[in-house]
Amino acid sequence: MGNGASGIGFVGCALSAAPADAFPSDHATPHTQPRRREVVVKGTRIKTVDIHAHCAVPEALAIVGQDCEKADLLMTDTTTRIAAMDEQGLDVAALSINPYWYHTEREAAAELIRIQNDALAEMCAATPDRFVAFATIALQHPDLAVEQIEVAAKTLGLRGVSVGCSVEGLELADPKFHPVWAKCEELDLLVFMHPKGTAELEESGRLSGSGVLGNTIGNPLETTIALSHLIFEGTLDRYPGLKICAVHGGGYLPSYAHRSDAVCRTFPRRVGPLPRKPPTSYLKDGQLFFDSIVFTPEALRHLIAETGPGQIMVGTDYPYGWTTTEIDLVLNTPGLSDDDRIAILGGTAAKLLGIDP
């Protein structure tokens, strides 16, 4: 795939950990290009990383008869996307593709993933200072998925693996997928876990009506269910080196995980030999990570209180219209140290994805 704006080097306004309105904005004026906003914390220009940025590969979509739903997902010309990153103060975007192929047979899945991962690698190679990517895998065929992970990591240089929160009705904690998690653990690859909604609720009509509830409620609910199974079915205990990023702030689990602890105390005979520790412990022990898409400083403060600043990474959900202010959200959240902000804005993501500081 081609590239329209490789290595833009505009000098933008330097921002420190202070209220955003204390600084001029970086909006473009007629006949000028937007300046690249630089983020400075503790007197140092830091590298910021967007852990949650979507894209699409039309040639792969065509295999299952789908079209690209949104032009901004395409990466044939990255000018618009890089301009948006520059304006927001994002140096690197970690590209991912939401799974739409879990129903496909083995041969089609193999071809689709080959095309998709080759394209992701090409996008990153064209502009290596701005993009890294999560490999896609045919998770419905675990043995094939393991092979795809090997190729993606060792040949294509992709930095992690993206998955859905369930696979055609099967939970990620199902033993069928153990070889996949073992391979991700072996290669020390971050698993980027993105929901597809709760189809069973949508079919029942419970999420119909106003409010786009299939997305508003369904997406964070599916993440919550997936994480809870991974904890209670012992997947995180079996693979202690497995690292997972659960998007949208981890759904509802961080806000109510103490109820899961209470279940272990109240109904011990209905909880298996795993997990080996209280469910809330998994939010803080370095296996589970979360993006910052929780919308307000108070919500981010609470998420950090339940998980720790080292578990949070900036995410935008680009190009969907949830938020374009994630950098300012981190800068404006009270109670964070400079080191906390540096970790959330890019330090943690850089370590997990092997991005040079």
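Identify all residues within region 14-70 that are closer than 26 Å to residue 351 by Cβ, at pLDDT 95 or above, part of a loop (DSSP other than H, G, I, E, B) and among the aliphatic types (A, V, I, L, M); write none if there are none. Listed by number, the list holds a single entry, 46. For region 289-304, the count of residues that are in contact (Cβ under 8 Å) with a residue 12 or more places away in the chain and touching a Lys or Arg at 6+ places or on another chain (Cβ under 8 Å) is at least one.
Scanning region 235-277 for residues that are of a type in the set (Phe, Trp, Tyr) and over 23 Å from residue 185 (Cβ atoms) gives 252, 256, 267. Residue by residue through region 279-313, note down the ones that are assigned to a helix (DSSP H, G or I) and among the hydrophobic types (A, V, I, L, M, F, W, C). Passing the criteria: 283, 299, 300, 303, 304, 305. Considering the conditions (1) surrounded by fewer than 23 Cβ atoms within 10 Å (Cβ to Cβ); (2) part of a loop (DSSP other than H, G, I, E, B); (3) modelled with pLDDT of 95 or more, residue 77 is excluded by exactly one of them, (3). For region 151-158, the criterion of a residue being crowded, with 23+ Cβ neighbours inside 10 Å and within 26 Å of residue 220 (Cα to Cα) is satisfied by no position.
Please verify whether residue 121 is buried (at least 23 other Cβ atoms within 10 Å of the Cβ), in a helix (DSSP H, G or I) and out of contact with any helix residue (DSSP H, G or I) (no Cβ under 6 Å at 6 or more places or on another chain), treating the condition exactly as stated. Taking the combined requirement at face value, the residue does not satisfy it. Hey, any hits in region 264-274 for a residue that's of a type in the set (D, E, K, R), more than 17 Å from residue 166 (Cβ to Cβ), surrounded by fewer than 19 Cβ atoms within 10 Å (Cβ to Cβ) and touching a residue at least 12 places away in the same chain (Cβ under 8 Å)? Checking region 264-274: not a single residue is of a type in the set (D, E, K, R), more than 17 Å from residue 166 (Cβ to Cβ), surrounded by fewer than 19 Cβ atoms within 10 Å (Cβ to Cβ) and touching a residue at least 12 places away in the same chain (Cβ under 8 Å). For region 80-99, filtered to residues that are part of a loop (DSSP other than H, G, I, E, B) and not aliphatic (A, V, I, L, M), the residue that is surrounded by the fewest Cβ atoms within 10 Å (Cβ to Cβ) is 98. Tallying residues that are among the aliphatic types (A, V, I, L, M), closer than 23 Å to residue 158 by Cβ and surrounded by fewer than 20 Cβ atoms within 10 Å (Cβ to Cβ) within region 303-357 yields 1. Which number in (1) surrounded by fewer than 17 Cβ atoms within 10 Å (Cβ to Cβ); (2) more than 26 Å from residue 97 (Cα to Cα); (3) of a type in the set (S, T, N, Q) marks the one condition that residue 260 misses? Failed condition: (1).
Regarding residue 212, is this residue modelled with pLDDT of 95 or more and either of a type in the set (A, V, I, L, M) or closer than 18 Å to residue 284 by Cα (or both)? Considered against the rule, which asks whether it is modelled with pLDDT of 95 or more and either of a type in the set (A, V, I, L, M) or closer than 18 Å to residue 284 by Cα (or both), residue 212 comes out as no.
The values are calculated or read from the model by the stated rules, or taken from the named source; none is laboratory data. The shown structure was predicted, so the numbers you read here are calculated from the model rather than taken from an experiment. Positions of Cβ are generated from backbone atoms using ideal geometry, with glycine treated the same way; all protein chains shown enter the neighbour counts.
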